[in-house]
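J.: This is the structure, below, for whatever I ask next.
The values are calculated or read from the model by the stated rules, or taken from the named source; none is laboratory data. These numbers were taken from a predicted model, which means no experiment stands behind them. Here Cβ is always computed from backbone atoms with ideal geometry, including for glycine, and neighbour counts include all displayed protein chains.
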Amino acid sequence: MLMAVKYLKLLTMVVCTVFFAMGCDKKQTASPEIDKVQTETKKTSQGMKNYAFSEKAEFFKTMQDQFKAQRQNLDELSAKIERSSHATKAEAKPKLQALRDQAAQFKQQLADARNATDSTWDDVQAGSKIAYTTLDNDVTKARQWASDNIEP
């Protein structure tokens, strides 16, 4: 039951991400954008190595390193937003907060991975990969938005 709640939260996060992505790029219709995000997420998740339970420590370290890199990306993005115009800040702050919330969800997935048992390992690993992939895709889109909307 606890895993079902976590996956429901993760699904909610993914749906919010799709809506966030649709709001960033008004040129495309909703359906192609949703398909694109789902395809990117699936490709990235599938491209990640599957770790056996005995490799849990290696998985945790790899994901923790990726988390640190995304936190650094968010900090750089935040600094860039702070140097922008008032209007741009007002538009970007909620988006940045949504990314920080996603990062917090990913951090929780890492905690779950660290505490996973052999019987929960596959589900926890899959959830962590999805959370990372979603965060990575959204940070990339946010960086592109910042490049397009904020003067260097």
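J.: Could you look through the stretch 134-152, keep only residues that are under 8 Å from the mean Cα position of the chain (by Cα) and not hydroxyl-bearing (S, T, Y), and pick out the one that is surrounded by the fewest Cβ atoms within 10 Å (Cβ to Cβ)?
T.: N137
J.: Checking N50 against (1) farther than 23 Å from N149 by Cα; (2) part of a helix (DSSP H, G or I), which single condition isn't satisfied?
T.: Only one criterion in (1) farther than 23 Å from N149 by Cα; (2) part of a helix (DSSP H, G or I) is unmet by N50, namely (2).
J.: Here's another thing I want to ask about it. Based on this model, can you work out whether A131 counts as out of contact with any Cys (no Cβ under 7 Å at 6 or more places or on another chain), surrounded by fewer than 23 Cβ atoms within 10 Å (Cβ to Cβ) and not acidic (D, E)?
T.: When the stated conditions are applied, A131 does not pass them.
Quick grid of which residues meet (1) at pLDDT 55 or above; (2) surrounded by 14 or more Cβ atoms within 10 Å (Cβ to Cβ); (3) part of a helix (DSSP H, G or I); (4) among the small types (G, A, S):
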{"residue": "S31", "(1), (2), (3), (4)": "no, no, yes, yes"}
{"residue": "F60", "(1), (2), (3), (4)": "yes, yes, yes, no"}
{"residue": "Q66", "(1), (2), (3), (4)": "yes, yes, yes, no"}
{"residue": "N73", "(1), (2), (3), (4)": "yes, yes, yes, no"}
{"residue": "A92", "(1), (2), (3), (4)": "yes, yes, yes, yes"}
{"residue": "A98", "(1), (2), (3), (4)": "yes, yes, yes, yes"}
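J.: Within the stretch 113-128, work out how many residues are surrounded by 19 or more Cβ atoms within 10 Å (Cβ to Cβ) and charged (D, E, K, R).
T.: Residues in the stretch 113-128 being surrounded by 19 or more Cβ atoms within 10 Å (Cβ to Cβ) and charged (D, E, K, R): 0 in total.
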